[in-house]
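Heads up: the structure comes next, in structure tokens.
The values are calculated or read from the model by the stated rules, or taken from the named source; none is laboratory data. Everything quoted here is computed from the prediction, not taken from an experiment. As a convention, Cβ positions derive from the backbone with ideal geometry for all residues, glycine included, and neighbour counts pool all protein chains shown.
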Amino acid sequence: MARNKRVVSRKEYTCDVCGEKIEKGVEYVNVWNYYSKWKVHTECFLNAPRSRWESSEYTGQVYDIQDDWYKYQDMEGTISNVEDLLDDLQSKFDNMPEQLASGSLVEERTDTVTEVLDELNSIYDDYEQLEEPDEDAADTEKEDYENEKDDIISRFGDELDNLL
């Protein structure tokens with residue numbers, strides 16, 4: 001897990017993301033993770049994907065899925081990404097010795113992803129069943145449609161949060 005701390009540079013450093021110099025007296029982010037220590041421009045840190053700062057492969061994959069959802073709001077693509085995550089977890093679980101598999105973190109995550117995937121598919125079915133009102137429809141019908149669509153999109157994003 002990464003720990004991030006904003007500090008002011010007391011000497012010149014090089015940003016580990018963009019390679020540019022971090023001048024003395026400039027604020028930067030000092031990122032500590034399990035394996036190493038990075039010094040990063042604040043802007044580079046804020047614009048880099050969250051998965052870059054995670055040492056957990058699972059958490060990094062979930063962050064990427066969530067970031068893609070909030071960026072593109074593509075339900076089919078997001079469901080496909082969650083299915084890929086489930087396949088990855090399932091293969092890890094299948095390759096574990098039986099003594100370690102029962103009650104393992106991989107098993108818990110597999111169960112969680114399966115439940116979330118079922119709910120995402122249910123929400124997607126609700127979205128597919130929405131019927132867009134005709135152009136001649138009353139404003140209240142159009143408003144109801146937009147509210148229901150926004151509610152479904154919000155539920156989809158909330159369900160993705162359950163992956164962590």
Within region 111-164, the count of residues that are touching a Lys or Arg at 6+ places or on another chain (Cβ under 9 Å) and aromatic (Phe, Trp, Tyr) comes to 1
Looking at (1) aromatic (Phe, Trp, Tyr); (2) closer than 29 Å to Val31 by Cα; (3) surrounded by 14 or more Cβ atoms within 10 Å (Cβ to Cβ), find the lone condition where Tyr124 falls short. (2)
Going by the structure shown, is Leu100 surrounded by 14 or more Cβ atoms within 10 Å (Cβ to Cβ) and more than 13 Å from Glu159 (Cβ to Cβ)? no
Checking the condition over 30 Å from Lys92 (Cα atoms) and either not in a helix (DSSP H, G or I) or not hydrophobic (A, V, I, L, M, F, W, C) (or both), which residue from Glu108, Glu119, Glu132, Glu115 passes? Glu132
Failed condition for Tyr72, given (1) out of contact with any Phe, Trp or Tyr (no Cβ under 7 Å at 6 or more places or on another chain); (2) surrounded by 13 or more Cβ atoms within 10 Å (Cβ to Cβ): (2)
Within region 86-98, identify whether any single residue is aliphatic (A, V, I, L, M) and outside any helix (DSSP H, G or I), and answer yes or no. yes
List the residue pairs whose Cβ atoms are under 6 Å apart, where the first residue sits in region 77-105 and is at pLDDT 90 or above, the second is surrounded by fewer than 14 Cβ atoms within 10 Å (Cβ to Cβ), and the two are 6 or more positions apart or on different chains. none
Scanning region 20-36 residue by residue, those at pLDDT below 75 and farther than 11 Å from Asn4 by Cβ turn out to be Tyr34, Tyr35, Ser36
